[in-house]
Amino acid sequence: MQNFFADWRSLMAALLHWFNGGDPYGPYVGLTGIAYDAGYFAYPPPVLLLAAPLALLPWWLSGLLVQSLAIWGFERWARRTTGRSALIWLLLFPPLLQGLQIGQTTLLVLVALVLGEQNYRERRDVRAGLLLALAILKPQVGALAIGFLLFDGLRTRRWRMLGAFALASALLWGGAALIIGPQIYGQWLDGLNAYRSALPDRPMLFLPLGPLVALAAFLLWRRNSDDYFALALLINTLLYPLSVLYIVSAVAFVVIRWRRDWELWPLALGWLVPVIFAQLPATAELRIASIQAAVICGLLVGLLPRLRQQAAHEQGSLVR
């Protein structure tokens, strides 16, 4: 139970530290007495304003509310995209489950991003712009996908979407400077510098299993080569430096979007990955390999039905 909502507790502790006059981007002490180094809280200043009301609630209650909202949005998006429930992914895909367990905000940000794209396709431009302005508050999750939508909006003259995004962003980022004070951005940059020093520099496509990830991603993408939004989201995930499992949660969104006839047994197979790697020495190399193996299992969920259909078609052609 020590890891239950651990990240959410650290976020709430940073907010409480800020309420008491401290620097949220500097070192602070968590709700259970754990000391965090400078840069552990690395969210941009607008998040301080958005999350401040939640800090008035017990941490477990605010965490449950946020994760429930993320789960609801994920299921709503999946049903509208595929006509199927995707809740089983939250239990069987290790990155998603880990994010829920530790109270990460990655799922919520991904939901804002994909719902923003869904509203963009349905020409609900104001809603799309607002959701994208929220999604950009955690740019490492889907900056390339957001950039693609903004570029496409500019190319197709979707001024209402662009205007809503610009206005919401100005209110969020400018409001933080007005309400908290402009010095908060200097503190944020100092925190980011400390945060970057702890990040790995190896993206998904590097060894040891990176080439296999790239091959599986390519085989899945080539049947969906006109979906540039999901491609941008996938590339963003494959290029971001690996450190923790939940950071690759976007793979689930890409697979669900590209294959409606997914088979779930590779996800169950993915649960063998942490079991197997737990028996090996705890090195950085093996930690990266375990994340890559989980991603390969996730990609196989969408890839295997296509390969099976292709094999059946070729076998039928030989019979004829």
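Miscellaneous remarks
- Tabulated pairs, segment 233-244, first closer than 19 Å to residue 116 by Cα, second hydroxyl-bearing (Ser, Thr, Tyr) and modelled with pLDDT of 90 or more, C-beta under 9 angstrom, 6+ apart or interchain: 237/249
- Here residue 174 passes the criteria (1) loosely packed, with under 15 Cβ neighbours inside 10 Å; (2) part of a helix (DSSP H, G or I); (3) not assigned by TED's automatic domain parsing to the domain that holds residue 96 except the one numbered (3).
- Here the helices (runs of 4 or more DSSP H) wholly within segment 180-285 that include at least 3 residues being of a type in the set (Phe, Trp, Tyr) are 183-196.
- The criterion of at least 1 residues that are assigned by TED's automatic domain parsing to the domain that holds residue 186 and either of a type outside the set (A, V, I, L, M, F, W, C) or in contact with a His (Cβ under 9 Å, 6 or more places away or on another chain) (or both) is met, among helices (runs of 4 or more DSSP H) falling completely within segment 43-135, by 45-51, 59-82, 94-102, 106-121, 125-135.
- Residue list for segment 136-171, filter: of a type outside the set (A, V, I, L, M, F, W, C), part of a helix (DSSP H, G or I) and more than 19 Å from residue 232 (Cα to Cα): 160, 163, 169
- Enumeration of residues in segment 149-167 that are among the aromatic types (Phe, Trp, Tyr) and either closer than 11 Å to residue 113 by Cβ or more than 23 Å from the chain's Cα centre (by Cα) (or both): 159
- Criterion violated by residue 178 - all others in (1) touching a Ser or Thr at 6+ places or on another chain (Cβ under 9 Å); (2) more than 25 Å from residue 128 (Cβ to Cβ) satisfied: (1)
The values are calculated or read from the model by the stated rules, or taken from the named source; none is laboratory data. It should be emphasised that the depicted structure is a prediction, and the values quoted were computed from it without experimental measurement. Quick reminder, even Gly has a Cβ in these numbers, built from the backbone with ideal geometry, and neighbours come from all protein chains shown.
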